[in-house]
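**Student:** Before we start, here is the structure in question, set down as structure tokens.
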Amino acid sequence: MSFSFLFKSRYSVLFSYVATFIAGSFLIRLGLMAATLEKTDFSFLSILRIFGQGLIYDFGVAMFLVLFYAIYLCFLPQRFLKSWFNIFLSYSVLFLMILIAMFSFFAELTFWQEFESRFNFIAVDYLVYTYEVIHNINESYPLPFLIGGVMLISLLVLFGLVKIGSFKLHFQSDTSFRKRGAISAIIILISAIYGFFIPNSWAETGPNRYHNELAKAGIYSIFSAFKNNELNYNHFYKMLDKQEAFRVIRSVLQEDNSRYLMSGNGIKREIKGTGNTAYKPNVIMITVESLSADFMSHFGNKEGLTPILDSLASTNLLFTNMYATGTRTVRGMEALSLAIPPTPGSSIVRRPDNDSLTTIGNIFEKAGYHRSFYYGGDGYFDNMNQYFGSNGYDITDRGRKVMAGDHYLTRRTIITDDQVHFENAWGISDEDLYRAVIKGSDHQFEEGKPFYSFVMTTSNHRPFTYPAGEINIPSGTGRNGALRYTDYAIGKFLREASIKPWFKNTVVIIVADHCASSAGKNEIDISKFHIPCIVLNLPAAKRREITPLCSQIDLYPTLFNLMDWTYESNLFGKDVLAKSYVPRTFLGTYQKLAYLKNDSLVVLSPQQKVETYLYNQKKNEQLPRKFSGEIVKEAIANYQTAYDLFKNGGLHQ
């Protein structure tokens, strides 16, 4: 089968498009390179590498774009080749593919103009915030002319392919099924090789960032960013020298009762208790969906939506000034399981290589605990089962059967239909979930080991539906009813658990994953991160308020101190009750990373942008103010080292 045959077979249109796409990609790369000439040097070898790797990526993108058309061409009977259906479909498909290429080329040029980069997680973020992005583009460019121009160019390219005879050769060809099968199979195989074996990071092996970015392909990069869920901190955020960053963070994390177990670029340390007998109770953490602090009367709400929680807050240990690290459930899970500041992009829960980490569960494991994760929905959502399962937790969820290859779910319990009394799109009711928790706790108690349980609820979430007749607000009428039901279900769980033989020796934590109505905000609105955290049944604390500003990541270091544990820590969280503790917290969106220390706020953004403010908590007001370099260094060091440790294996066991 000769190369020229491909352009004379029924695949002539397909391969003409591939050639056109590669030529267009070459011109875009050449244009971006010309725009970069003043900022970096190019040698003959670097140019060879840029265009060599670039050609490989461009060819892979072209294979992905034509994949389904190749399958169609393989199975289209010869007698239908000249039919009006195939004529219409061939012209339509090719025009659509050209349109996709042209829009991506334009988007790459504008994205490079702003970020000097191929597409990354910022571009994925833009797809999430479509309304804001379209309005931004409309304000920056004449959108009707832009769309019209792209359409016109696409039509001209299509006309050019018609003029060179690509369509005529396609409609008049007679390609045997054997040859069609071979060509389509090769395209499928090449696509699979790219998908499984050629990562976007292959282009990042050189020391020059501009060279690396030029070697990439835009569409390939955006799918890689979507898959990996991260934004490279080192490329887009303000940096310190690596040794300086770790020197700063080690100084910040140093406490009177801690001793570093390694020198240099790491934070592993031993935290020593007082030497008295450590208290080792069972621990059940209820992570409540979207529980903002301002829903509770204790924090000023006048509607009386959470009487149970308010009563518990008045009689137990309460963190009054705790803040969530992010705006999504998986970000809260990350903070509560890893005690790490948020890193750019999505949560570590959703990223590759997130197994065998030094989680909170790992600390409990070393203390002899059984670890479990309970979720009322299907734990495949947001990669929860993979994350918790591959980090040693048993899974109990309302999901499908364990599938082949789910080796990390060898210890999984599925909540069956007969155990469910109410269910909506997000999962079973909180009451049903708590019954599963009690059942699992009974079983673990019988085994004679202490247990640690991470429980994630779903009822306080749209569509705000719950079992009828439990509370006096009709199901499905809004957030207030869901809150009231969430509160009721917690009270019912505590009543049913209190008669169990294991409860007397069980600490129950009630904490939010994030605030309500916070997702989708790209600016840092600090009031939208304030959450409640209540610790019940802890003899060392009883009725007490912990008032210093703190983060979700500080919960377990403080708890371990109250239980007088000696343990190995790879956590960024600190004991809030320590004499040396300085109030601070971490807040993040997908792009912006904030560090609030007392009333000084530092916000880090892509393009190495650093903003500083004075924060007035009572007015929730941020006033621009310049600070000394130390607090900015602390902010950078926390986020830079957190990213570095995860990417380079420093958070692994």
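Where a number appears in this text, it was derived from the coordinates with a stated rule and is not lab data. Source: prediction; values computed, not measured. Positions of Cβ are backbone-derived with ideal geometry, glycine not excepted, and every protein chain shown enters the neighbour counts.
**Student:** Can you give the Rg to Rh ratio for the range 271-342, taking only C-alpha atoms and Rh from Kirkwood?
**Tutor:** Computed over Cα atoms, the ratio is 1.03.
**Student:** Another question about this same structure. Reachable lysines from K449, Cα under 25 Å, same-chain residues fewer than 8 places away excluded?
**Tutor:** Output for K449: K272, K280, K366, K439, K500, K504, K542.
**Student:** Turning to a different aspect of this structure: Taking K633 as the anchor, which aspartates and glutamates have their alpha carbon closer than 18 Å to its alpha carbon, excluding any fewer than eight residues away along the same chain?
**Tutor:** D241, E244, D599, E611, D644
**Student:** Let me ask something additional. Based on the Cβ-Cβ distance from D355 to L96, what FRET efficiency comes out when R0 is 41 Å, to the nearest 0.05?
**Tutor:** The value I calculate is 0.55.
**Student:** What Kirkwood hydrodynamic radius, in Å, does the range 375-487 give when the mean of 1/r is taken over all pairs of distinct Cα atoms and then inverted?
**Tutor:** 15.0
**Student:** How large is the dipole of the range 243-647 about the Cα centre if only Lys and Arg carry +1 and Asp and Glu carry -1, each at its Cβ, rounded to the nearest 20 debye?
**Tutor:** Approximately 800 debye in magnitude.
**Student:** List the aspartates and glutamates whose Cα sits under 20 Å from the Cα of K39, skipping any in the same chain fewer than 8 residues away.
**Tutor:** E108, E114, E116, E204, E213
**Student:** Given a cut-off of 19 Å, name the pairs among K492/K528; K268/K579; K597/K619; K216/K242 whose C-alpha atoms lie farther apart than that in the structure shown.
**Tutor:** K492/K528; K268/K579; K216/K242
**Student:** Which value at 222 nm does the chain reach when only helices count, each DSSP H run of 4 or more adding -39,500 (n - 2.57), with the total divided by all residues and rounded to the nearest 500 deg cm²/dmol?
**Tutor:** When only DSSP H runs of four or more count, the value is -14500 deg cm²/dmol.
**Student:** Using the basic label-point model (7 angstrom from Cα toward the beta carbon), what is the K268 to I56 distance in nanometres?
**Tutor:** 3.4
**Student:** Moving on. When the scattering of the range 555-653 is computed by the Debye formula from its Cα atoms alone, each counted once and equally, what is log10 I(q)/I(0) at q = 0.22 Å⁻¹?
**Tutor:** Each listed q maps to, in turn, -1.23.
**Student:** Compute the distribution of all C-alpha to C-alpha distances in the range 151-299, in bins of 5 Å from 0, and list the percent of pairs in each, rounded to whole numbers.
**Tutor:** Once binned at 5 Å, the Cα pair distances of the range 151-299 give 1, 6, 7, 8, 7, 10, 12, 11, 8, 6, 5, 5, 5, 4, 3, 2, 1, 0.
**Student:** Next question. Using alpha-carbon positions, what is the distance between the centroids of the range 608-640 and the range 174-232, in Å?
**Tutor:** Going from one Cα centre to the other spans 40 Å.
**Student:** Continuing with the same structure: When the Kirkwood radius is taken over all Cα pairs of the range 3-228, what Stokes-Einstein diffusion coefficient follows at 4 °C and 1.567 mPa s, in µm²/s?
**Tutor:** 68
**Student:** Out of the range 530-572, which trypsin sites (Lys or Arg not before Pro) are coil in DSSP terms and have no more than 13 other C-beta atoms within 10 Å?
**Tutor:** K542, R543
**Student:** Still on this structure, I have one more. Based on the Cβ-Cβ distance of K242 and F196, what FRET efficiency does E = 1/(1 + (r/R0)^6) give at R0 = 45 Å, to the nearest 0.05?
**Tutor:** 0.90
**Student:** Okay, next question. Let me check against my output: what whole-number percent is the relative contact order of the range 3-228, with C-alpha pairs under 8 Å and at least 6 apart?
**Tutor:** 42
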